[in-house]
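Undergrad: This is the structure, below, for whatever I ask next.
The values are calculated or read from the model by the stated rules, or taken from the named source; none is laboratory data. Values in this document were obtained by computation on a predicted structure and should not be read as measured data. Here the Cβ positions follow ideal geometry from the backbone for every residue, glycine too, while neighbour counts run over all protein chains shown.
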């Protein structure tokens, strides 16, 4: 039995080792520092350091941050002291490489093909955007692990209807939720999928399964909410940054950012990216909201965003159209990066996206119900990509990871198809 298990897991272990080698080599060749890639890295560093003095404050001023990654940083600082950053990077490399296990298993549970699992695992190991942030103080690496684990166990439940799969899916979902709260956009779709696709079990069993899914989230969310209530006056179970992001997504700053595609001025690229901020494009409404008490800010941000939409309907629609186009277009946003960098990212991602779109469409035609989950996931997360601020890295960690699985299905189909054509011609 042990030998059989080891034999089954050996290919995954090999891909895990390949992932380690690729990620370690990439970081050794490219690493400079861990802060400039993302604007929030220094903030995470500072807030997690406060944990070591007993100040467990998740409020960054404009909104409350999801707590999990702050605890991860504080743990490494507490245990490893001056070496916390190096060990954190090593940990994130390990987590990123280990995620290949769920990439393999997800392809396996969907397509029942070891060939497709091999292709998906190989692409995952080599796909740079998914491990670009391993050396950065950023939530992305652990968020990806939790999301892929959640989707694997949820899809397994849709196939087997076993309660344990739903409970484990809930545990992974909790990890994702306490890292980036926007994953809760999928919750209504998840409930719909359970009731629509699991008709071979009773309604009572479906309800129990959903309760099991949420039990971990609820158990952890209540104390987090109470803590935030006592600390900041707001019962927030993860993050309440949605109001700020909605406001920033629907204001003149974002309209200018979305529509201004001039990338010729090098002074606007301090880190190789063109990014507008309220520092260089002031907003009086934002300034006035930031003066409000904490618990009034979130609603004020929502109100400010909706007011701008009401007064600027055409600009609102223009932003949404560009966001949608960016969402389906391979590569980085063309209006934020110099042309050569954008072109390189486009060429790199183009094959994956085309194969993924082909694979998803073909899979849905073959068995619509079996693959309905991917359509539901894409639609749910598109709410964030389109209605809020489109961010390339969010698309990478919510879409590209699953595009890899369906692109592998498409590639396997095309290889088999052309092999059979060649055999019939000879």
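Undergrad: Does residue 158 satisfy being in contact (Cβ under 8 Å) with a residue 24 or more places away in the chain, within 30 Å of residue 310 (Cβ to Cβ) and assigned to a helix (DSSP H, G or I)?
TA: no
Undergrad: Another one. In the set 388, 368, 402, which member is in contact with a helix residue (DSSP H, G or I) (Cβ under 7 Å, 6 or more places away or on another chain) and under 23 Å from residue 105 (Cα atoms)?
TA: From the options 388, 368, 402, the qualifying one is 402.
Undergrad: If only one of 213, 246 is farther than 30 Å from residue 197 by Cα, out of contact with any strand residue (DSSP E or B) (no Cβ under 6 Å at 6 or more places or on another chain) and crowded, with 19+ Cβ neighbours inside 10 Å, which one is it?
TA: Being farther than 30 Å from residue 197 by Cα, out of contact with any strand residue (DSSP E or B) (no Cβ under 6 Å at 6 or more places or on another chain) and crowded, with 19+ Cβ neighbours inside 10 Å holds for just one of 213, 246, which is 246.
Undergrad: Restricting attention to the stretch 90-110, which residues are assigned to a helix (DSSP H, G or I) and crowded, with 21+ Cβ neighbours inside 10 Å?
TA: Correct list: 92, 93, 96, 97, 100, 102, 103, 104, 106, 107, 110.
Undergrad: Please go through the stretch 159-188 and pick out each residue that is over 21 Å from residue 241 (Cα atoms) and crowded, with 21+ Cβ neighbours inside 10 Å. It would help to see each step written out before you state the result.
TA: If we filter the stretch 159-188 for residues that are over 21 Å from residue 241 (Cα atoms), which is where we start, we get 159-172.
Across the stretch 159-188, the qualifying residues are 165, 166, 168, 169, 170, 172.
Undergrad: Hey, another quick one. Can we say residue 400 is within 21 Å of residue 322 (Cα to Cα) and buried (at least 19 other Cβ atoms within 10 Å of the Cβ)?
TA: yes
Undergrad: Just a yes or no: is a residue in the stretch 375-393 over 25 Å from residue 257 (Cβ atoms), over 15 Å from the mean Cα position of the chain (by Cα) and at pLDDT 95 or above?
TA: Checked against the condition, which is being over 25 Å from residue 257 (Cβ atoms), over 15 Å from the mean Cα position of the chain (by Cα) and at pLDDT 95 or above, the stretch 375-393 yields at least one hit.
Undergrad: Quick test for you: out of 94, 52, 70, pick the one residue that is more than 28 Å from residue 336 (Cβ to Cβ) and under 19 Å from the mean Cα position of the chain (by Cα). Give the steps one after another, and end with the answer.
TA: Values: 52 fails: under 19 Å from the mean Cα position of the chain (by Cα); 70 fails: more than 28 Å from residue 336 (Cβ to Cβ).
That would be 94, the only listed residue that is more than 28 Å from residue 336 (Cβ to Cβ) and under 19 Å from the mean Cα position of the chain (by Cα).
Undergrad: Looking at (1) in a helix (DSSP H, G or I); (2) modelled with pLDDT of 95 or more; (3) surrounded by 17 or more Cβ atoms within 10 Å (Cβ to Cβ), which is the only condition residue 79 fails?
TA: It fails just one condition, (3).
Undergrad: Filter the stretch 10-54 for residues that are touching a helix residue (DSSP H, G or I) at 6+ places or on another chain (Cβ under 8 Å) and part of a loop (DSSP other than H, G, I, E, B); which is farthest from residue 134 (Cα to Cα)?
TA: Filtering first and then ranking leaves 52.
Undergrad: Hey, residue 54 hits all of (1) surrounded by fewer than 15 Cβ atoms within 10 Å (Cβ to Cβ); (2) at pLDDT 95 or above; (3) closer than 30 Å to residue 295 by Cα but one; which does it fall short on?
TA: (2)
Undergrad: Just checking, does the stretch 292-313 include any residue being in contact with a strand residue (DSSP E or B) (Cβ under 7 Å, 6 or more places away or on another chain), more than 25 Å from residue 256 (Cβ to Cβ) and assigned to a helix (DSSP H, G or I)?
TA: Yes, there is a match, as at least one residue in the stretch 292-313 is in contact with a strand residue (DSSP E or B) (Cβ under 7 Å, 6 or more places away or on another chain), more than 25 Å from residue 256 (Cβ to Cβ) and assigned to a helix (DSSP H, G or I).
Undergrad: Which residues, counting only those in the stretch 342-361, are surrounded by 15 or more Cβ atoms within 10 Å (Cβ to Cβ) and more than 20 Å from the chain's Cα centre (by Cα)?
TA: Going residue by residue through the stretch 342-361, those that are surrounded by 15 or more Cβ atoms within 10 Å (Cβ to Cβ) are 342, 345-346, 348-349, 352-353, 355-360.
Hits for the stretch 342-361 are 342, 355, 358, 359.
Undergrad: Which pairs do you get when a residue that is modelled with pLDDT under 95, found in the stretch 63-76, comes within reach of a residue that is surrounded by 21 or more Cβ atoms within 10 Å (Cβ to Cβ) and part of a helix (DSSP H, G or I), reach meaning Cβ atoms under 6 angstrom, with the pair 6+ apart or on two chains?
TA: So the pair list comes out as 63/244; 64/228.
Undergrad: Would a scan of the stretch 55-64 turn up a residue that is more than 18 Å from residue 179 (Cβ to Cβ), outside any loop (DSSP other than H, G, I, E, B) and in contact with a helix residue (DSSP H, G or I) (Cβ under 8 Å, 6 or more places away or on another chain)?
TA: Within the stretch 55-64, not a single residue is more than 18 Å from residue 179 (Cβ to Cβ), outside any loop (DSSP other than H, G, I, E, B) and in contact with a helix residue (DSSP H, G or I) (Cβ under 8 Å, 6 or more places away or on another chain).
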